[in-house]
Amino acid sequence: MIRSEGGYLYDQVSIDVRGRDVGGYVRDAQARVSQAVQLPHGYWLRWSGQYEALERVQARLRVVVPLTLGIIALLLYLTFGTVAEAAIVMLSLPFALVGGVWVMWLLDYNLSIAVAVGFIALAGVAAETGVVMLIYLDHAWKEKCVGSGKWGVGDLIAAIEYGAVNRVRPKLMTVLAIMLGLVPALWSHGSGASVMKRIAAPMVGGMVTSTVLTLVVIPVLYYLWRRRALDGS
């Protein structure tokens with residue numbers, strides 16, 4: 001059907017993309033159309049719909065995400081007072097996102113706005129749990145090592161084990177609460193279910209790897225950092 005909008009005639013062609021991401025499909029389609037179609041003077045093509053919304057969101061995320069990460073890094077530095085501890089939390093975020101990527105691959109979900117929202121929420125939760133773990137480790141280090149005045153590698157390991165063990169139960173309770181709240185969204189049906197599934201999927205998978213990261217990787221990084229300071233002294 002040929003319609004009129006803004007004084008111009010236009011024809012709308014609707015396409016339902018399945019089995020791949022919308023952005024990749026449109027880029028391939030644009031390349032094929034530019035090669036095969038020569039538009040007469042006064043004619044033009046505009047790719048709209050979900051692709052247009054995705055392009056707008058991606059343009060905003062290119063500015064918002066780096067700015068947000070910079071603010072988080074600054075707040076972490078102001079909280080801990082050292083660049084090393086802030087870096088431990090920031091460097092741990094990519095590892096926490098691995099589980100979300102695995103679940104996206106298993107469920108055969110493509111990248112979309114909803115998926116991006118899920119990954120952003122996952123990064124926030126992972127950073128929060130990483131901060132709490134570092135606080136527990138710092139308290140244990142000050143209690144077991146700094147308070148005694150003289151300490152060695154054995155005391156450092158004992159302090160890290162003590163702080164990490166105290167964090168096991170709160171971490172598992174946090175993970176179970178989040179996963180139990182999001183799992184029903186993965187099994188939902190009806191209006192809006194496809195969007196909710198793509199928000200919940202990366203968070204459910206990411207919480208698993210985030211748990212391993214928080215309970216294993218962060219204590220190891222903390223040990224290496226404190227051990228280096230001990231060797232330097």
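The values are calculated or read from the model by the stated rules, or taken from the named source; none is laboratory data. Keep in mind the model is a prediction, meaning the values are calculated, not measured. Cβ coordinates were reconstructed from backbone atoms using ideal geometry, including for glycine residues, and neighbour counts include every protein chain displayed.
Quick look at the numbers
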| quantity | calculated |
| --- | --- |
| Looking only at the stretch 68-115, and only at residues there that are of a type in the set (Ser, Thr, Tyr) and under 13 Å from the mean Cα position of the chain (by Cα), the one that is nearest to Arg226 (Cα to Cα) | Ser92 |
| Output for the stretch 153-183, where each listed residue is polar (S, T, N, Q) and touching a residue at least 40 places away in the same chain (Cβ under 8 Å) | Thr174 |
| Among (1) more than 22 Å from Ala121 (Cβ to Cβ); (2) surrounded by 12 or more Cβ atoms within 10 Å (Cβ to Cβ); (3) not basic (Lys, Arg), the one test that Pro40 misses | (2) |
| Only one of Trp225, Trp141, Trp151 that is in the same structural domain as Asn110 (by TED's automatic domain parsing), part of a loop (DSSP other than H, G, I, E, B), hydrophobic (A, V, I, L, M, F, W, C) and more than 17 Å from Val115 (Cα to Cα) | Trp151 |
| Leu78, sole failed condition from (1) surrounded by 13 or more Cβ atoms within 10 Å (Cβ to Cβ); (2) assigned by TED's automatic domain parsing to the domain that holds Arg226 | (1) |
| Unique match (being part of a helix (DSSP H, G or I) and exposed (fewer than 13 other Cβ atoms within 10 Å of the Cβ)) among Arg18, Arg60 | Arg60 |
| First in the stretch 35-62 and free of Cβ contacts under 8 Å to residues at least 60 places away in the same chain, second anywhere and part of a loop (DSSP other than H, G, I, E, B) and aromatic (Phe, Trp, Tyr), Cβ under 9 Å, 6 or more apart | Glu55/Trp47 |
| Flag for Arg228 being over 21 Å from the mean Cα position of the chain (by Cα), closer than 20 Å to Phe80 by Cα and without any contact (Cβ under 8 Å) to a residue 24 or more places away in the chain | yes |
| Complete set of residues in the stretch 188-220 that are among the polar types (S, T, N, Q) and either closer than 21 Å to Val131 by Cβ or part of a helix (DSSP H, G or I) (or both) | Ser194, Thr209, Ser210, Thr211, Thr214 |
